[in-house]
1. Checking Arg154 against (1) closer than 22 Å to Asp71 by Cβ; (2) of a type outside the set (Phe, Trp, Tyr); (3) in contact (Cβ under 8 Å) with a residue 24 or more places away in the chain: exactly one of these is not met. Which one?
2. With the checklist (1) assigned by TED's automatic domain parsing to the domain that holds Gln460; (2) at pLDDT 65 or above in hand, flag the one item Tyr576 doesn't pass.
3. For the stretch 114-151, which positions are without any contact (Cβ under 8 Å) to a residue 60 or more places away in the chain and in a loop (DSSP other than H, G, I, E, B)?
4. Under 6 Å between Cβ atoms, at least 6 apart or on separate chains: pull out the pairs that start in the stretch 577-600 with a residue that is surrounded by fewer than 16 Cβ atoms within 10 Å (Cβ to Cβ) and end on any residue that is charged (D, E, K, R) and assigned to a helix (DSSP H, G or I).
5. Conditions first: (1) loosely packed, with under 15 Cβ neighbours inside 10 Å; (2) within 30 Å of Met434 (Cα to Cα); (3) touching an Asp or Glu at 6+ places or on another chain (Cβ under 7 Å). Glu236 passes all but one, so which condition is the exception?
6. Would you pick out the residues in the stretch 35-45 that are in contact with a strand residue (DSSP E or B) (Cβ under 7 Å, 6 or more places away or on another chain) and surrounded by fewer than 24 Cβ atoms within 10 Å (Cβ to Cβ)?
7. Taking the condition of being more than 17 Å from Asp199 (Cβ to Cβ) and without any contact (Cβ under 8 Å) to a residue 40 or more places away in the chain, how many residues in the stretch 169-180 meet it?
8. Would you say Ile183 is in contact (Cβ under 8 Å) with a residue 24 or more places away in the chain, buried (at least 21 other Cβ atoms within 10 Å of the Cβ) and either closer than 30 Å to Arg214 by Cα or in contact with a Leu (Cβ under 9 Å, 6 or more places away or on another chain) (or both)?
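The values are calculated or read from the model by the stated rules, or taken from the named source; none is laboratory data. Computed from a predicted structure; not experimentally measured. All Cβ positions, even for glycine, are placed from backbone atoms using ideal geometry, and neighbour counts span all protein chains on display.
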Amino acid sequence: MATDDVIPRIHVLSDHVANKIAAGEVVDRPASVLKELMENALDAGATQIDVQVGGGGKRLVSVADNGCGMDRDNALLAVERHATSKIRDVDDIEAVSTLGFRGEALAAISSVSRFTLITRPSDALSGTELHIAGGKVTDVKEAGCPAGTQFQVRNLFFNVPARRKFLRAEQTELTHVRQTFLIYALSHPEVGMTLRVDDRPVYTLAAGASLQERLGELFGRDYVRNLREVRKEKGEVRLHGYVGMPHLQRSDRSEQFVFINGRPASAPLIGFALNEAYHTLVPKGRFPSVFLFLETEPDAVDVNVHPTKKEVRFRRPDTVRDTLITSLRAVLTDPSEKDAGAAAGAPDGNTAGAPPTPRVRIEDLPALPMFNYPRIAPMAEGEAPPPVYRADEETRPEAGESGGTGSPWSWCRVLGQVGGLYVVMETEDGLVLMDPHAAHERLLFERFMGDAVRRKLKSQGLLSPETVELAPQDAGRVRKHLSLLEAMGFGVSDFGGDAFMVDALPVCLGDVSARSVLAAVATSLEQSGERGGTQQWAEERVAKAACRAAVKARDKLSLQEIERLVIDLAGAEMPYTCPHGRPTLIFMGFNELDKKFGRI
């Protein structure tokens, strides 16, 4: 029989211990402290926020703002647990419009640090200075200070050594701090912000900036030139921001910034929507750069589903998902859309106001043809060829003079080929390397999918039908999609067992082996998973596989074919990547070349 001395006794934890436990949920590193303090400053209506960090944030995190400030009584209440000015009852949680609302952050932070709060409302003659060490108030006094609030958090986790030893090196913690600062600088470009690290200025961001200007300050103008603006309203969902062109991609999601009603947060459906919008534009395992702001009614989004409010839940997720996919896809594939840098008048080559860098003409360089763009359709019989310029002619078009809207260049000169594969070209903006096989695959894919959408696919009968035998699993996939393949121009019939008879292929694929095409299509369909039943997605799978097989069959391209390819690529919907996301073009601007050669 159990005795009293072995029965565990239940008791209520003290507020001191409870605050330290809560700190583990809210504060796990200096960047978490900065997040909570910057959110408080923004909720207070600040138009200027100044951040100082010392020792990677372990020694000091200081945030000063010019917001509404607090009187003495409110300053003392602010550091109590579950004390907040943001909500009053449970119903208010259903429509939260502020960044913070739980009233836990200051109590949690002050319980694991040496904490100082200095604050003054604008209508008061003097302010209040409050000192707390490890959750205990050590001093409260009157102070002379500017209107607003300053938080100073020193020696984080000084009284919780088990937590402090899990902090990383100063440089690692500083990286997280800078990323947090970056997030809030992007979410509120209208607010002026500064960041100093160990008394050294890192960022000085002006107030009243637009998102485009703030992006330029943080990432540089050359980066912004590769972004396209998104603006869409559907029902109660409003979307705006910038998305990166497919070649602006990373191996992680560190440049995917999503803000929901001004709050840096995300949801699983947003990641799904981004994958759908870019799924034929970037390779698997790569992530595009996006800066998106979603706005909806406060009661249409639940922000109270994650301890640190990093994730939200939408009450009508289908509308949000569909708005994201259609808006991003339209912007990425619409050739009439301008990039963000062009819209801002960003300089294409030299710094604004600087004289152009003189170019040296090498007299004995062979004259090579130069063509105006774009043209996507093959020339009809009897149609005049595109205008040709010579390298030694003074009539060469200037940047932006000719060519259709949205094309990668207005004029181009093919200089030659390196490595037996890559094509070297000069454009009005700089040097371009093109992978002709990737470019060829992109063009085949767009023609194939264009015909599929318009239901104008044409078949070309084979001189002698081919019998193709597949692995059992591949054969099952192909058999399941026989009607789809037939609708897309393939003449495929079940020949019994795991064999199929192929007697026709889509015209756009040209002269390619039926065996290689069907094997590629089978492999692609095998990877389709549960979404393989979606008609349009399955069509894209088939088209990508077929185009890849067709390109591999063309190991050699003549100069005339390369020139035709360059012309057609300039008019493609998405000239920058193949359907699988590999780049077709790598660009190096004159400005970048000048920097590399030390000319600027």
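1. Just one mismatch for Arg154, condition (1).
2. (1)
3. Those that are without any contact (Cβ under 8 Å) to a residue 60 or more places away in the chain and in a loop (DSSP other than H, G, I, E, B): Pro121, Ser122, Asp123, Ala124, Leu125, Ser126, Gly134, Gly144, Cys145.
4. Ile600/Asp594
5. It fails just one condition, (2).
6. Initial filter on the stretch 35-45 (in contact with a strand residue (DSSP E or B) (Cβ under 7 Å, 6 or more places away or on another chain)): 37-38, 41, 44.
Hit for the stretch 35-45 is Ala44, nothing else.
7. Counting residues in the stretch 169-180 that are more than 17 Å from Asp199 (Cβ to Cβ) and without any contact (Cβ under 8 Å) to a residue 40 or more places away in the chain gives 1.
8. Details: in contact (Cβ under 8 Å) with a residue 24 or more places away in the chain: yes; buried (at least 21 other Cβ atoms within 10 Å of the Cβ): no; either closer than 30 Å to Arg214 by Cα or in contact with a Leu (Cβ under 9 Å, 6 or more places away or on another chain) (or both): yes.
Considered against the rule, which asks whether it is in contact (Cβ under 8 Å) with a residue 24 or more places away in the chain, buried (at least 21 other Cβ atoms within 10 Å of the Cβ) and either closer than 30 Å to Arg214 by Cα or in contact with a Leu (Cβ under 9 Å, 6 or more places away or on another chain) (or both), Ile183 comes out as no.
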